[in-house]
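The values are calculated or read from the model by the stated rules, or taken from the named source; none is laboratory data. Owing to the predicted nature of the structure, the values given are computational and were not obtained by experimental measurement. Here the Cβ is made from the backbone with ideal geometry for all residues, glycine too, and neighbour counts use every protein chain on show.
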Amino acid sequence: MSTPATAPLLLADTGLPMPDYDGGSIVNLMASLLRARGGAAYYPNLRLLPPEAIRDYTNILLLVIDGLGANWLAERSPNGILSRHQLGAITSVFPTTTAAAITTFLTGDAPQQHGITGWFTYFRELGCVMSVLPGHPRYGGVGYRQAGVDLATLLGPRPLASRIRTRAFFLTPAKIAYSDFNLAYLGPAQARPFTDLRDMFRQAGRILRADAGPKYLYLYWPGLDSRGHEAGMASPLAARHLAAIEEALTDFLVASAGTDTLVLVTADHGLVDTAPADRLDLADHPELAACLSLPLCGEPRAAFCYLRPRRVRAFEDYCQQVLGGHALPRPSEELFQLGLFGRGEPHPRLHERIGDYSLLMRGRSVLRDHLPSEKRFVQIGVHGGLSETELLVPFCRFRT
């Protein structure tokens, strides 16, 4: 049965919810998994999943469904298999985006420690803004390895698979399975590329039945997120895909019966749908653009702004007078002090990667800029911000 989520803590003076890094977020889930598999973790355990309750399972399988928000699941499939086995809702990390959250799943660390702060992250040591997951400078060009960059050394945090005492298998779509980013966080795990939803579950089943030894499986499915970006989460396309996921999961649970596997299902973030009036373009705000020394970083729902030293007051005034209905500006250092990125000792480059100011977008607003090399596009479903719709993700448990 689904358990109602505890109301999230609110970010001071904003009314916006915060990640619950003290026992109710995806980083706490990873802390529980680490400890259950003989590893050490910095963050507290997930309140819904103490390690002692799961360490005796032969296999642990974590399925991450990109874009599956808890509120959306409750609305679209209240009686489906995921809702029926939901223990509660937990929070993502900030920003609520794949780049930051998937790095948490792959390392067990919050953004405060792993230092990945959005799809576009400024790497001062490389002298440019990077498209982190595709693995190349934002303007294009060659990937990390081809440019001679040792990505594992550059990124820093240890892969989760090297911190546990169980054989690990990472199942991801074939087109990204051997990307520079995924390889940097693979560690001793075995990569298993798949072609589609059914193939993902087929391969997981084969791994579970291959031998009797204990295993940890991480499965990443991006299909719901891509459909949400394209058509919106209110679309029939998204609803049909959720039904396909639940059907495939049901079949997998039947097929894997008797393997002594704990199956956990969660997500990296939810999405909100936008309308044309919600979509702001930096090109339409030249006074704001003139205040910036770099392109916008982070996410369109949580933009990190690097300011020209003599334009700070102009930036503040413009945000208040023109963007006030769309964006809430906050000094990035203030967000760090409030614990929005995590707890404890930060990544040595974190402060460089969150800019001088952060624009937390209100309502469903987004703010984008475009480099000369980038094609303009429209995403209906978006994420990265601090609405409950984006922040809360389901946490479901099954036993086979």
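Across the stretch 283-324, the number of residues qualifying as among the basic types (Lys, Arg) and within 27 Å of the chain's Cα centre (by Cα) comes to 1. The set of residues in the stretch 214-238 that are surrounded by 22 or more Cβ atoms within 10 Å (Cβ to Cβ) and aliphatic (A, V, I, L, M) comprises LEU217, LEU219, LEU224, MET233, ALA238.
The condition of being of a type in the set (A, V, I, L, M, F, W, C) and in contact with a Phe, Trp or Tyr (Cβ under 6 Å, 6 or more places away or on another chain) holds for only one of LEU242, LEU264, LEU294, LEU237, that being LEU294.
For the stretch 28-60, the set of residues classified as under 17 Å from VAL393 (Cβ atoms) and either in contact (Cβ under 8 Å) with a residue 40 or more places away in the chain or not polar (S, T, N, Q) (or both) consists of ASN28, LEU29, MET30, ALA31, LEU33, TYR43, LEU46, ARG47, LEU48, LEU49, listed by residue number.
Starting from residues that are buried (at least 21 other Cβ atoms within 10 Å of the Cβ) and of a type in the set (Ser, Thr, Tyr), keep the ones in the stretch 159-213 and report whichever is nearest to ARG35 (Cα to Cα). Taking the candidates together, the pick is TYR185.
One residue stands out in the stretch 204-237 among those that are free of Cβ contacts under 8 Å to residues at least 40 places away in the same chain, out of contact with any Asp or Glu (no Cβ under 9 Å at 6 or more places or on another chain) and of a type in the set (A, V, I, L, M, F, W, C): the one that is farthest from ARG84 (Cα to Cα), namely ALA210.
None of ALA74, ALA101 is more than 29 Å from GLY355 (Cβ to Cβ) and assigned by TED's automatic domain parsing to the domain that holds ILE245 except ALA74.
Just to be sure before I move on: is LEU224 under 30 Å from VAL366 (Cα atoms) and assigned to a strand (DSSP E or B) in the structure I sent? No: the conditions fail for LEU224. If you go through the stretch 361-400 and keep only what is out of contact with any His (no Cβ under 6 Å at 6 or more places or on another chain), of a type outside the set (Lys, Arg) and not in a loop (DSSP other than H, G, I, E, B), you end up with MET361, VAL366, LEU367, VAL382, GLY384, GLU388, THR389, LEU391, LEU392, VAL393, PRO394, PHE395. Beta carbons closer than 9 Å, at least 6 apart along the sequence or on distinct chains, pair a first residue in the stretch 68-90 that is aromatic (Phe, Trp, Tyr) with a second that is crowded, with 18+ Cβ neighbours inside 10 Å and in a loop (DSSP other than H, G, I, E, B) for TRP72/MET233; TRP72/GLY270; TRP72/LEU271. Any chance the stretch 302-310 includes a residue that's over 26 Å from ARG124 (Cβ atoms) and buried (at least 23 other Cβ atoms within 10 Å of the Cβ)? The answer is no, given that none of the residues of the stretch 302-310 is over 26 Å from ARG124 (Cβ atoms) and buried (at least 23 other Cβ atoms within 10 Å of the Cβ). When LEU34, LEU126, LEU68, LEU63 are checked against the criterion of being assigned to a loop (DSSP other than H, G, I, E, B) and out of contact with any Pro (no Cβ under 7 Å at 6 or more places or on another chain), a single residue qualifies: LEU126. Among the residues of the stretch 193-201, are any within 29 Å of ASN71 (Cβ to Cβ), free of Cβ contacts under 8 Å to residues at least 12 places away in the same chain and outside any helix (DSSP H, G or I)? The answer is yes; a qualifying residue exists. Being among the basic types (Lys, Arg) and crowded, with 16+ Cβ neighbours inside 10 Å is a condition met by no residue of the stretch 371-385. Can you pull out the residues in the stretch 87-120 that are part of a strand (DSSP E or B), under 15 Å from the mean Cα position of the chain (by Cα) and more than 23 Å from LEU11 (Cα to Cα)? Result: PHE120, single match.
Tell me, yes or no, whether the stretch 135-150 has at least one residue that is aromatic (Phe, Trp, Tyr) and either in the same structural domain as ALA302 (by TED's automatic domain parsing) or buried (at least 16 other Cβ atoms within 10 Å of the Cβ) (or both). So far as the stretch 135-150 goes, yes, one or more of its residues are aromatic (Phe, Trp, Tyr) and either in the same structural domain as ALA302 (by TED's automatic domain parsing) or buried (at least 16 other Cβ atoms within 10 Å of the Cβ) (or both). Within the stretch 191-233, track down each residue that is over 18 Å from the mean Cα position of the chain (by Cα) and of a type in the set (Phe, Trp, Tyr). Within the stretch 191-233, PHE194, PHE201, TYR216 meet the criteria. Of all residues in the stretch 329-360, those that are touching a Leu at 6+ places or on another chain (Cβ under 8 Å) and in a strand (DSSP E or B) total 6. Of the candidates LEU350, LEU360, LEU392, LEU367, the single residue that is at pLDDT 95 or above, crowded, with 18+ Cβ neighbours inside 10 Å and touching a Pro at 6+ places or on another chain (Cβ under 7 Å) is LEU367.
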